[in-house]
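**Q** This structure is in structure tokens; I'll ask about it shortly.
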Amino acid sequence: MEARLIYPEFFHTYISKVDTGISPIDLLEEGLRATLLSFKFLSSEKENYRYAPEKWSVKEVLGHIIDTEIIMAYRALCISRGEKASLPGFDEQQYVINSNFANQKIGDLLEHYKMVRFSNILLFKGFTEEMFTRKGISNGNEINTRALSYIIAGHEVHHIGILKERYGVK
């Protein structure tokens, strides 16, 4: 039986991209392998490619994946520890605008991604079943720790899919 996921409807896009019957840790480990493989043969010409002028570059999409994972994992950490304060939302567009992803080396971004993912796998491995079921408030909405772990995995699948479909990333 799948454990109950509690999350606002706008996260369904990401949750629906993963099998919630699989351990979130297994999904994060598989996502790590798949994402690194996707970038393995990325040419330097593609790093700053945008499929439309107002869209993010490949490096900015990767940076957004990293930022979002850090934020979702922070929320999971707070909620797992019993935080009662409402956790803030974030404006992903402003985060990318105010980043320096375009000037970073793709290798550095991939190393950052790996370190964040390794850290979060260890974070989630340390959670008890009870910690995974804890609920909190994030961006004004009720959410539980388990849902946040699946959101991280599904968010990555979503954006890697876009990189493959629209950016030519393998």
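**Q** Looking at (1) surrounded by 14 or more Cβ atoms within 10 Å (Cβ to Cβ); (2) out of contact with any Ser or Thr (no Cβ under 6 Å at 6 or more places or on another chain); (3) in a helix (DSSP H, G or I), which one does ILE160 not meet, given that it meets all the others?
**A** So ILE160 meets the others, but not (2).
**Q** Scan segment 110-140 residue by residue and report those that are β-branched (Val, Ile, Thr) and surrounded by 15 or more Cβ atoms within 10 Å (Cβ to Cβ). Reasoning before the result, please.
**A** Initial filter on segment 110-140 (β-branched (Val, Ile, Thr)): 116, 121, 128, 133, 137.
Selection gives VAL116, ILE121, THR133, ILE137.
**Q** Among the numbered conditions (1) under 26 Å from LYS135 (Cβ atoms); (2) without any contact (Cβ under 8 Å) to a residue 60 or more places away in the chain; (3) of a type in the set (A, V, I, L, M), tell me where ALA76 comes up short.
**A** (2)
**Q** In segment 128-156, which residue that is assigned to a helix (DSSP H, G or I), over 15 Å from ASP67 (Cα atoms) and hydrophobic (A, V, I, L, M, F, W, C) is nearest to the chain's Cα centre (by Cα)?
**A** Narrowing segment 128-156 to residues assigned to a helix (DSSP H, G or I): 129-133, 145-156.
Among the residues that remain, those that are also over 15 Å from ASP67 (Cα atoms) are: 129-133, 145-147, 150.
This time we only want the ones that are hydrophobic (A, V, I, L, M, F, W, C), so: 131-132, 147.
Values: MET131: 20, PHE132: 17, ALA147: 12 Å.
Among residues in segment 128-156 that are assigned to a helix (DSSP H, G or I), over 15 Å from ASP67 (Cα atoms) and hydrophobic (A, V, I, L, M, F, W, C), the one nearest to the chain's Cα centre (by Cα) is ALA147.
**Q** Looking at (1) more than 26 Å from PHE127 (Cβ to Cβ); (2) touching a Gly at 6+ places or on another chain (Cβ under 6 Å); (3) not β-branched (Val, Ile, Thr), which is the one condition that is false for GLU54?
**A** Looking at each condition in turn, GLU54 falls short on (2).
**Q** Separate question: For segment 28-37, check the following and say yes or no: at least one residue is closer than 12 Å to LEU163 by Cα and out of contact with any strand residue (DSSP E or B) (no Cβ under 8 Å at 6 or more places or on another chain). Please lay out each step first, then the result.
**A** Pass one, segment 28-37, residues closer than 12 Å to LEU163 by Cα: 35.
Keeping just the survivors that are out of contact with any strand residue (DSSP E or B) (no Cβ under 8 Å at 6 or more places or on another chain) gives 35.
Yes, segment 28-37 has at least one match.
Since every read-out is calculated from the coordinates, none of them should be taken as a lab result. On a predicted model such as this, the values are computed, not experimentally measured, just so you know. Don't worry about glycine lacking a Cβ; one is built from the backbone with ideal geometry, like all the others, and counts go over all protein chains shown.
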